[in-house]
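Coordinate-derived values only; no laboratory data. Given the structure is predicted, the values throughout are model-derived calculations rather than measurements. Positions of Cβ are generated from backbone atoms using ideal geometry, with glycine treated the same way; all protein chains shown enter the neighbour counts.
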Amino acid sequence: MTSVREAAWPAFVALVKITIPLTAISFAIGLAAAVLIALARASSSRWLAWPARFFISAVRGTPLLLQLFVVFYGLPQLGLDLPSFPAAVLALSVNVAGYGAETVRGALLAVPRGQHEAAATIGMSGRLALRRVVLPQAARIAVPPLSNTLISLVKDTSLVSVVLLTDVTRVLNQQASASFDYLPLYLLGGLYYWIVCTVLSVAQGRLETRLNRYVTP
């Protein structure tokens, strides 16, 4: 159909310029924050564990759309008025950090205690053991659930269209409003998202294979 042909290229450009970079940046920042929050959550110090627990509970207990509204419309009332793209990155990163922290914490706890003890036996400090022994094994355990988080993030970026960031969904919404060809245009958008998620699933499998060497029998 004409409307699909007209929207296909602008939607693809939005996918490449907005959706994919937004996903990549938000996931990278969110994952780094998730590791720190997970370590704080697992800490014996209440001053670290309690704030981390509250953060995780607040993120997981509120809708992502509401979190986007807080960043886009709430923070400007406090004097923090961010451009659309950085605001979207902030909101999505916070969401990834909240969900990813529990995934990372679970992966850390799943590493056998004997691995910690073996590292200590050969003279490794706690930090060195964490970096060279525990984290590599925990990474292998965490890959599948974190990959699910990443794939969900790809689809969640469609919510930024509500706050006027021109991503794939917003481009297709605009075209659909003008042509009323809702079904074919939204199917086109579904195809784009499905392709990206399929590529990520293939990459997940390859990453799991590479990390298999860190799994203890």
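Some observations on this one:
- Placing unit charges on each Cβ (+1 for Lys and Arg, -1 for Asp and Glu) gives the chain a dipole about its Cα centre, and among LEU165, CYS197, LEU185 the Cα reaching farthest toward its positive end belongs to CYS197.
- Contact order normalised by residue count of the chain, Cα under 8 Å, 6+ apart, percent: 30
- Taking 7 Å steps out from each Cα toward its Cβ at ALA110 and VAL13 produces label points 4.3 nm apart.
- Charge dipole magnitude, Cβ of K and R +1, D and E -1 - the chain, Cα centre, debye nearest 20: 880
- Structure-based [θ]222 nm, the chain - -39500 (n - 2.57) summed over DSSP H runs of at least 4, per residue, nearest 500: -24500 deg cm²/dmol
- Across the stretch 31-105, counting alpha-carbon atoms alone, Rg and Dmax equal 13.1, 39 Å.
- Of the DSSP H helices in the chain, those with a Cα length along their own long axis of 15 Å or more and a mean Kyte-Doolittle hydropathy reaching -1.0 comprise 2-14, 20-41, 46-60, 84-110, 135-156, 168-179, 182-211.
- For the stretch 156-217 versus the stretch 14-80, the spacing of their alpha-carbon centroids is 20 Å.
- For the stretch 2-214, the residue among LEU146, ALA91, SER43 whose Cα projects farthest onto the positive side of the dipole built from Cβ charges is SER43.
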